[in-house]
1. What aspartates and glutamates does residue 124 reach when the alpha-carbon gap must be under 13 Å and sequence neighbours fewer than 8 apart in one chain are set aside?
2. Mean separation of Cα pairs under 8 Å and 6+ residues apart, divided by the residue count of segment 94-180: what relative contact order is that in percent?
3. Expressed in nm to one decimal, what extension gain is obtained for the pair residue 122 and residue 253 from 0.36 nm per residue of sequence separation less their Cα-Cα distance?
4. May I have the pair-distance distribution P(r) for segment 286-380, computed from all Cα-Cα distances with 10 Å bins from 0 and rounded to whole percent?
5. When only Cα pairs under 8 Å and 6 or more residues apart are kept, what is the percent relative contact order across segment 286-380?
6. Compute the FRET efficiency between residue 7 and residue 93 as 1/(1 + (r/R0)^6), taking r as their Cβ-Cβ distance and R0 = 25 Å, and round to the nearest 0.05.
7. Using DSSP H assignments, which helices in the chain have an axial alpha-carbon span of 24 Å or above and a mean Kyte-Doolittle hydropathy of -1.0 or higher?
8. Per q in 0.11 Å⁻¹, report the Debye log10 I(q)/I(0) for segment 2-270, using one uniform scatterer on each alpha carbon and no solvent.
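Since every read-out is calculated from the coordinates, none of them should be taken as a lab result. Please read these numbers as outputs of a predicted model, since none were measured by experiment. Glycine also receives a Cβ, built like all others from the backbone with ideal geometry; neighbour counts cover every protein chain displayed.
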Amino acid sequence: MALARRKPTRAVRVGALTIGGGAPIAVQSMAATRTQDIEATVRQVELLEAAGADLIRIAVDSAKDVEALAEVRARTRDIGRAALSVDLQENYRLAATVAPHVDKIRYNPGHLYHHERDKSVHDKVAFIAEIAERFDVALRVGVNCGSVDPEKTAKFGADDVGAMVESALEHARILDDLGFHRYVVSLKDSDWRKVVEGNRRFVAARPDVPLHLGVTEAGMPPDGIIKTRIAFEQLLSEGIGDTIRVSLTVPFEDKGQEIAAGREIIADIEAGRFRSVPANFGEGLNIISCPSCSRVENEAFIELARDVKTMAQYAKDYAVTIAIMGCRVNGPGETDDADIGLWCGPLGVNLKRGDTVIGHFPYDAVLAQTHALLDTVIAERGLAKA
Ligand code: SF4
């Protein structure tokens with residue numbers, strides 16, 4: 001039984017939930033609705049709660065989002081047992097107003113680097129840790145391979161996993177030095193291989209820190225579940241991982257699928273039911289799409305992601321990566337490494353080839369443009385079938 005060999009990590013209390021320290025692996029998800037749409041977000045929390053979520057995350061980008069969060073918390077406090085977490089984007093100072101309403105706060109070291117450049121990263125972390133201490137809140141250092149700070153990217157060059165691991169280790173050190181130990185770390189990417197390698201490298205240096213596992217922008221089922229399952233089978237079977245999230249691009253009302261998929265993967269690994277992985281899995285067409293969250297600019301994004309997947313099936317044997325993202329916050333950066341990128345705005349979609357913008361198209365026109373671009377990429381690069 002693979003999970004019986006879990007590596008001993010520190011126990012981190014998140015509200016009534018414990019992550020690490022031998023506690024059962026916690027399964028979490030994130031509200032995909034606009035946070036300020038209080039009715040929709042309350043429904044989303046209720047839906048995830050009913051699906052059996054141990055922890056539910058909500059994104060907060062502004063003071064108005066914080067006001068909405070407070071109301072969502074007040075209205076859902078008594079419906080269930082799930083702990084509540086928030087995702088801070090650039091504005092780390094929102095931690096002060098968010099903390100009274102939640103059990104855990106996630107910050108991204110890469111985003112922290114860019115905000116208030118005249119202040120040291122150490123001082124920003126110290127601010128967040130002091131807030132967390134004062135309001136009895138846990139933290140997650142959430143590092144994404146695609147948004148590591150530029151100094152580490154320059155230092156590690158092509159070894160982007162090395163940059164991600166160094167960022168996670170640096171922030172663990174800062175928090176430890178500050179005397180704040182109630183934190184969890186995550187090292188994520190849309191490529192499951194980088195997720196496996198990054199987490200293994202981090203554990204080699206810091207086996208004591210509880211880990212949150214996930215493959216970002218895994219995409220739509222079933223591929224999104226398969227990519228995530230491969231990463232989790234490798235890591236959980238080695239005893240690595242204390243909490244998990246399966247990120248799926250699905251309609252808001254189907255978000256419970258993330259919890260169901262997570263529990264099924266854990267149960268299968270516990271029972272020794274591993275799925276065989278063909279040697280050429282992931283070598284052909286690769287479609288990555290974000291799971292959507294409150295920042296989605298237009299719900300048509302989810303249908304567009306499905307349409308792109310259907311349209312591109314004719315190219316399934318070609319090694320082309322298409323990335324589809326739901327907003328302007330992460331869309332521009334997270335599509336840079338793909339051959340073809342689409343990131344969605346309120347009224348239209350930005351189409352890119354690598355990091356070059358091709359144009360901005362209405363939702364009903366971008367599919368044909370993407371099709372034409374896919375033809376061009378295949379023809380120009382003389383791509384052979386995988
Ligand atoms: S790309 Fe934007 S909409 Fe999609 S999950 Fe990330 S932040 Fe949310």
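1. Within the straight-line limit of under 13 Å, residue 124 reaches these aspartates and glutamates: 90, 116.
2. Values: 92 pairs, mean separation 30.1, N = 87.
Relative contact order here is 35 percent.
3. On the way: separation 131, 0.36 × 131 = 47.16 nm, distance 4.00 nm.
Stretched fully, the residue 122-residue 253 segment lengthens by 43.2 nm.
4. The percentages, shortest bin first, are 18, 58, 23, 1.
5. Working: 157 pairs, mean separation 23.4, N = 95.
It comes to 25 percent, rounded to a whole number.
6. Details: r = 35 Å, r/R0 = 1.40.
Plugging the Cβ-Cβ distance into 1/(1 + (r/R0)^6) gives 0.10.
7. Values: long enough: 160-177 (26 Å, 0.08).
Those that clear 24 Å and a mean of -1.0 are 160-177.
8. With one equal scatterer per Cα and no solvent, log10 I(q)/I(0) is -0.56.
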